[in-house]
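Just below is one structure, and these are the notes that go with it.
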Amino acid sequence: EPESRAGRMAVGTGGGGGSGGATAARYLSEGACVMLADINEEALKVARDTLVQRFGADVVGAVTMNVTDETAVATAFAETAVEFGGVDILVSNAGIASSAPVEDTTLDLWNRNMDILSTGYFLVGREAFRLMRIQDMGGAIVFVASKNGLAASPTASAYCTAKAR
């Protein structure tokens, strides 16, 4: 039987995507409230609407968040705290799919992977930690990893490096 998360508040980055939506549905089915966060406003709206139909409008929120922008991250967490009273769980799931061997990897592609998969995880983790420290009630921070962080693929050098960091 799933653990009860009644009264808990979860934030999920990459909430407009398939794995972000599935994670949110799991937390909602366990009784938590969820704030979906994503840079893609259209995908975020679709994901929120789908979850609202299933679980109700009172337990699902959505906030636009660019995980690579320090101010945007702080603002999104502040909005979440106001709307839901705090943050108990962070699922850092924002991602990028890229594929290129190292000799074909552009600096732009490299930086994009590092910005989203490394710096982005740091920024949202730090902001969640700050809120959880103030709340003084504990919490959980989950970083979504990849097998490519341990067993790199020769055709995804930037992605694998960022996931291994």
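Taken together, the values in this text are just the output of simple stated rules run on the coordinates, not laboratory data. Not measured: the values here are computed from a predicted model. With ideal geometry, Cβ positions are generated from the backbone for all residues, glycine too; neighbour counts draw on all protein chains shown.
Evaluate the relative contact order of segment 1-65 (contact order divided by residue number), counting alpha-carbon pairs under 8 angstrom at least 6 apart; express in whole percent.
Answer for segment 1-65 is 34 percent.
How large is Rg/Rh for the chain, to two decimals, with Cα atoms and a Kirkwood Rh?
Here the Rg-to-Rh quotient is 0.99.
Quick check on the chain: helices-only [θ] at 222 nm, where DSSP H runs of length 4 and up contribute -39,500 (n - 2.57) each and the sum goes over total residues. Nearest 500, please.
Helices in the chain give a 222 nm mean residue ellipticity of -14000 deg cm²/dmol.
Short version: ³J(HN,Hα) in whole Hz for each residue of segment 129-139, in order, from phi by Karplus 6.51 cos²θ - 1.76 cosθ + 1.60 (θ = phi - 60°), x for Gly and Pro, what are they?
Using θ = phi - 60°, the values come out as 4, 4, 5, 5, 5, 5, 5, 6, 10, x, x Hz.
Please state the shape class of segment 15-88: rounded when a/c is under 1.5, otherwise prolate if a/b exceeds b/c and oblate if not, all from the C-alpha gyration tensor.
oblate
Taking the simple approach of a point 7 Å from Cα along Cα-to-Cβ for both GLU41 and ARG26, what is their distance in nm?
The modelled label-to-label distance comes out at 3.1 nm.
With the alpha-carbon atoms as the only input, what is the per residue convex hull volume for segment 46-133 in Å³?
110
How many nm is it between the label spots at MET114 and THR50, if each spot is 7 Å from the Cα in line with the beta carbon?
Output for this residue pair reads 3.3 nm.
Would any residue of segment 43-60 have its amide N under 19 Å from a label point 7 Å out along Cα→Cβ of GLN135? List them or say none.
58-60
Quick one: length gained pulling SER19 to GLU83 fully straight, 0.36 nm per residue minus the C-alpha distance?
Difference between extended and current length: 20.7 nm.
Which distance in nm do the two modelled labels at VAL142 and ASP69 give, with both placed 7 Å along the Cα-to-Cβ direction?
Label at VAL142, label at ASP69, 2.7 nm between them.
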